[in-house]
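First the structure, in the form of structure tokens, and then the observations on it.
The values are calculated or read from the model by the stated rules, or taken from the named source; none is laboratory data. Just so it is clear, the model here is predicted, and its values are computed rather than measured. For neighbour counting, all protein chains shown are included, and Cβ atoms are generated from backbone atoms with ideal geometry for every residue, glycine included.
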Amino acid sequence: MAKDAALILLVDDDAAIRAVLGSLLKQEGYTVLTAASGGEALALLDKQPIDAVVTDLRMPGMDGMTLLRRVSQAWPEVPVVVLSAHGTVALAVDAMKGGAADFLTKPFDRDEVLFVLAKVLRGAASGQRRGQTAFSPLGASPAMAELRDTIRRAASSSATVLILGESGAGKEVVARAIHEASPRADKPFIKLNCAAFPETLLESELFGYEKGAFTGASQRKPGRIELAHGGTLLLDEIGEVPFTTQAKLLRAIQFKEVERLGGTQTTKVDVRFLVATHRNLQQMIETGEFRQDLFYRLNVIRLLVPPLRDRPEDFQELAEHFVSQAAQNNGRGAMTLAADALELLRVQSWPGNVRQLENFMERLVVLSDGPTLTRADVTRELSRDEQQVRSSRSSKAPQSEPRLEDHRREADRKAIAEALQRAAGNRSLAARLLGISRRTLYTKLDELGLVELEPDSKPDGPKPR
């Protein structure tokens with residue numbers, strides 16, 4: 001997300017903090033709104049879309065943790081960074097468990113503030129959310145009944161679970177369901193989207209870092225593994241973890257200990273690992289992209305989340321659930337889906353699975369009039385999607401490159417035209433200038449479709465037809 005497109009809401013009861021931090025963010029190109037209290041912040045969130053919230057934890061009235069919970073419930077897509085003068089791991093765990101995207105300690109360091117804010121905005125743009133599930137594990141289909149039974153069995157253990165499925169099928173929902181049904185339900189559920197970070201940043205997110213470990217590391221900071229102590233860590237898109245980081249991750253899973261970047265001491269952790277991917281890890285092993293020993297460590301319990309096309313019995317329940325959810329989130333009141341509209345939706349392919357259906361239904365709710373979503377409403381939005389696809393294909397379509405034969409024909413055309421001009425239309429002389437026979441010249445004139453010039457005064461060969 002570009003800085004000039006990002007609107008940051010800064011919440012702190014200290015006017016000096018608001019002024020200094022707000023000035024810093026504006027200098028970096030961010031647009032900044034400020035609020036002196038949690039109530040004022042909620043009012044601003046109600047009025048306009050905010051890209052990220054930075055809030056103090058210790059404030060009179062509504063404190064930062066309460067504001068964090070309110071934002072997570074009403075605007076789950078908005079990342080929240082918390083500020084604290086008491087930057088302990090325990091407080092960080094509470095904030096992360098409550099929905100925080102990250103935290104900063106006071107007195108804050110300029111480079112670290114910019115580093116963290118850029119990171120959470122990038123995570124939000126890539127679809128990474130904390131405490132947010134794409135859908136509840138709904139559906140009465142046999143596939144979902146079997147999946148729920150496996151979730152129940154897996155939840156009672158502490159074994160690592162490998163969750164497989166296509167993008168948008170609901171792997172994160174399955175992971176959260178496992179956590180909430182487990183003995184660790186009252187402990188942190190931490191999620192890390194491994195595809196959202198470059199290699200060096202991913203390692204620091206996983207294992208944490210010591211002060212001075214790299215530029216911008218002005219304070220010691222625990223990684224996601226350490227923050228998940230006592231609870232569950234979901235590593236989404238595990239197939240995107242660089243090969244060089246996989247060995248360190250394997251050790252953390254196997255020995256339940258981590259070593260921060262720039263540090264020399266190991267920290268023991270009690271974490272249950274859940275991993276998810278849409279990629280074929282066994283195929284990646286064959287191509288040398290994924291460690292076989294790490295795969296065996298992850299593949300203790302395997303769950304396959306079925307794609308939407310394999311659970312048609314669940315379509316109506318999901319569609320109606322998303323309509324109700326979107327109407328509530330967008331202040332639309334009760335809304336229903338007409339039967340013919342549902343049937344039109346049912347026959348679509350939905351390659352993005354449940355996530356695509358959820359997003360489409362929310363757009364349908366927001367852009368439609370009246371309490372009932374009609375077939376005409378669905379047709380309109382499907383047409384918009386088709387237009388966007390056609391426009392995208394058109395803009396990406398490569399321009400046709402001229403072939404070598406085309407270059408040769410054009411060169412021949414220019415050479416012959418120039419020779420005929422120099423020979424004043426005398427083909428015999430033009431052929432000599434070109435170093436070819438008159439018969440060859442006639443053949444070229446015919447092939448190239450050149451306008452026939454006046455014939456020679458002394459023709460000595462067949463004329464072009």
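Residues that are assigned to a loop (DSSP other than H, G, I, E, B) and farther than 19 Å from S324 by Cα within the range 335-386 comprise V347, Q348, S349, W350, P351, G352, listed in sequence order.
If you filter the range 209-236 down to residues that are farther than 8 Å from R260 by Cβ and hydrophobic (A, V, I, L, M, F, W, C), you find that the one that is surrounded by the fewest Cβ atoms within 10 Å (Cβ to Cβ) is F214. Only a single item in (1) over 30 Å from D340 (Cα atoms); (2) in contact (Cβ under 8 Å) with a residue 24 or more places away in the chain; (3) in a helix (DSSP H, G or I) is not met by L234, and it is number (3).
One residue is enough: does the range 406-416 have a residue meeting the conditions exposed (fewer than 12 other Cβ atoms within 10 Å of the Cβ), out of contact with any Asp or Glu (no Cβ under 6 Å at 6 or more places or on another chain), at pLDDT 75 or above and assigned to a helix (DSSP H, G or I)? Yes, the conditions are met somewhere in the range 406-416. Residue count for the range 247-278 satisfying the condition of being within 15 Å of L294 (Cβ to Cβ) and either assigned to a strand (DSSP E or B) or not assigned by TED's automatic domain parsing to the domain that holds E172 (or both): 5. Once the range 88-130 is narrowed to residues that are polar (S, T, N, Q) and part of a loop (DSSP other than H, G, I, E, B), the residue that is modelled with the lowest pLDDT is Q128.
Out of the range 160-208, which residues are of a type in the set (S, T, N, Q) and within 19 Å of V354 (Cβ to Cβ)? Spell out the reasoning first.
Quick first cut of the range 160-208, residues of a type in the set (S, T, N, Q) only: 160, 167, 182, 193, 200, 204.
If the condition is that a residue be of a type in the set (S, T, N, Q) and within 19 Å of V354 (Cβ to Cβ), then S167, N193 are the ones that fit.
Just give me the residues in the range 257-277 being buried (at least 17 other Cβ atoms within 10 Å of the Cβ) and either under 27 Å from E180 (Cα atoms) or within 25 Å of the chain's Cα centre (by Cα) (or both), in sequence order. Give the steps one after another, and end with the answer.
Initial filter on the range 257-277 (buried (at least 17 other Cβ atoms within 10 Å of the Cβ)): 258-261, 267, 269, 271-277.
The answer is V258, T267, V269, V271, R272, F273, L274, V275, A276, T277.
Restricting attention to the range 174-195, the residues that are buried (at least 19 other Cβ atoms within 10 Å of the Cβ) and either among the β-branched types (V, I, T) or over 13 Å from T232 (Cβ atoms) (or both) total 5.
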